[in-house]
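Peer 1: Following this message is one structure expressed as C-alpha cells.
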Amino acid sequence: MNTPNFSEKFSCPEFLAMERTIIDDFVDCTRECCAEVEICVKALNKQGGPEYIHRMFRSMHSLKGNCQMVGLGPLNALLHRIEEVFSRARAHPEQYIPELGEFLLLATDEIEELLSELIANGEADEVKRKRLYDVCETLQKNTVNGLSAGVFKDAIASLGGRIFDKSATLKNLKIELTLPEDLTLMRSLAAHLDKLSIFRKNRSEQTLELVNSLNEAMGFPADKKQLEAAAWMHDVGMSLIPQVIFNKEGNLSKEEQKILQEHVQLGSQLLLRFGGWDDAARMVLDHHEFFDGSGYPNGTVGNDIHPGARMLAIVDTFCSITTERSDRGYKKSLMQAISEINANIHVQFDPQMVTTFNDVVRNLMMKQ
C-alpha cells in the first residue's frame, strides 16, 4: 500500500484557524455561488441571454475574492484559472456552447469537494486540485481562437468523464434504509432543529465549539464524546414542541412554559434510547438546572448538577443572548452576554466555570 507524499495534499492553516462561524458563512456563500452557476448554465442551455453570462461571471469572481479573503490560496489560484477560461465566453457571449457550461458545473463541483475535504480533514487532494488547474491552463491555450465543443469534451474526459446534471441526480437519488453513526445522526437532528428558526443559524455548531473550549479549559470534567452528544441533542426536544410555542414572541403562559420545559426530558430520553449515552442524557436533562436549585426539571443544586450540564447551561445562555431574536430585533455583544452571565453566578451558574468561561470568551474576542 502506497503512503501519500506530503506533496499530494494541500492545507490552508490560516483558513482552518478561523472561527467556525466564519468558516460556516464562507461555506454557505460558496454553495450559493455554485448554485448560481448551475442556474445560469441551465438558462444558457435553454437559449438564455447574455445576462446569464455576466451573472455567472460575477458569482465566480465573488467566490474567487472570498477565497482570497479567507486565506484559501490554492483554491483562489484554481478559480483564477477557471475565470480565465470563462472570460472567453464573457467577451463573446454568442460563442457560448453547452459543453462550456457542463465543464463549469464539473469544475465547481470539484471545488466544493476539495473544500469539504479540507474542512473535514485539515488537508485536501493536491493531485485533484493540480489536475483541474492544468486542465484549465490547457483550455485557456486551446480557446484562444474561439470556443469549441471538442476542446471542452476533452477537458471533461481528462477529469474523469463526468458531466453533472445535479437536478437529475437529485431526482433519481434513492433514499437508502441505513443507520448512520450515532453522533452523525445527532448532528443531523441538531441541524434540522436549527433550520426551524432563522434565529438559530449555526447555533448547534457554535454551542459545540464553545462548550468544547470550556471543557478543555476546565481540565475535561466531562467526557468529550458524551459532551459532544449532549451539545448536539440538548435542544433537539424543542423540535417536538408545538411551533406556536417554540416561535412565540413575548412571554409564555405558565402552561406554555411547562410544555417548553419538556424538551429536556424528550432530548434525554432520545439519548437513552440510542444506548451508551447515559452521561450525555444526564447533561441534557440537567442543563436548565440552576446552581441555587431554582431550575428545572428536578431543582438539582450546585455540584449535584452534572458538570457537563453546568457548562452547557453557560454556553447555551451565551448563545441565546448573542443571537438575534424576533422579539429583540438586535444582537447583544459578547461583553453584554458575559456581563449578564456574570451577574447570575451562584444563582444560575457555577461561579468557577463562569470565571473560566470569561477567559474562553476573552480569547475568542482576541481572535476576532
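The values are calculated or read from the model by the stated rules, or taken from the named source; none is laboratory data. Given the structure is predicted, the values throughout are model-derived calculations rather than measurements. Here the Cβ is made from the backbone with ideal geometry for all residues, glycine too, and neighbour counts use every protein chain on show. SASA here: full protein model, heavy atoms, side chains in, ligands and nucleic acids out. Shrake-Rupley method; radii C 1.70, N 1.55, O 1.52, S 1.80 Å.
Peer 1: Does Leu75 satisfy the criteria of being within 28 Å of Asn145 (Cβ to Cβ), open to solvent by less than 50 Å² (accessible area, probe 1.4 Å) and either among the basic types (Lys, Arg) or modelled with pLDDT of 85 or more (or both)?
Peer 2: In short, no.
Peer 1: Further, regarding this structure: Looking at (1) at negative phi; (2) not in a helix (DSSP H, G or I); (3) not aliphatic (A, V, I, L, M), which is the only condition Trp232 fails?
Peer 2: Evaluating Trp232 over (1) at negative phi; (2) not in a helix (DSSP H, G or I); (3) not aliphatic (A, V, I, L, M) leaves (2) as the failure.
Quick grid of which residues meet (1) charged (D, E, K, R); (2) open to solvent by 30 Å² or more (accessible area, probe 1.4 Å); (3) modelled with pLDDT under 90:
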residue: Cys40; (1), (2), (3): no, no, yes
residue: Gly49; (1), (2), (3): no, no, yes
residue: Ser62; (1), (2), (3): no, yes, yes
residue: Glu83; (1), (2), (3): yes, no, yes
residue: Phe86; (1), (2), (3): no, no, yes
residue: Thr108; (1), (2), (3): no, no, yes
residue: Ala120; (1), (2), (3): no, yes, yes
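Peer 1: Do we have Glu113 as exposed (fewer than 15 other Cβ atoms within 10 Å of the Cβ), assigned to a helix (DSSP H, G or I) and either under 25 Å from the mean Cα position of the chain (by Cα) or aliphatic (A, V, I, L, M) (or both) here?
Peer 2: yes
Peer 1: Need a quick list: helices (runs of 4 or more DSSP H) entirely within the range 1-109 having at least 3 residues that are in contact with a Lys or Arg (Cβ under 8 Å, 6 or more places away or on another chain).
Peer 2: In the range 1-109, the matching helices (runs of 4 or more DSSP H) lie at 20-45, 51-69, 73-91.
Residues checked against (1) open to solvent by 60 Å² or more (accessible area, probe 1.4 Å); (2) assigned to a loop (DSSP other than H, G, I, E, B); (3) not aromatic (Phe, Trp, Tyr):
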| site | (1), (2), (3) |
| --- | --- |
| Thr207 | no, no, yes |
| Leu210 | no, no, yes |
| Ser213 | no, no, yes |
| Phe220 | yes, yes, no |
| Leu227 | no, no, yes |
| Met238 | no, no, yes |
| Leu252 | no, yes, yes |
| Leu260 | no, no, yes |
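Peer 1: Now for a different question. Within the range 142-190, how many residues turn out to be farther than 30 Å from Arg88 by Cβ, touching a helix residue (DSSP H, G or I) at 6+ places or on another chain (Cβ under 9 Å) and either exposed (fewer than 11 other Cβ atoms within 10 Å of the Cβ) or at pLDDT below 85 (or both)?
Peer 2: Here the count works out to 2.
Peer 1: Which of (1) farther than 26 Å from Ser213 by Cβ; (2) crowded, with 24+ Cβ neighbours inside 10 Å; (3) basic (Lys, Arg) is the odd one out, the single condition Arg273 does not satisfy?
Peer 2: For Arg273, the failing item is (2).
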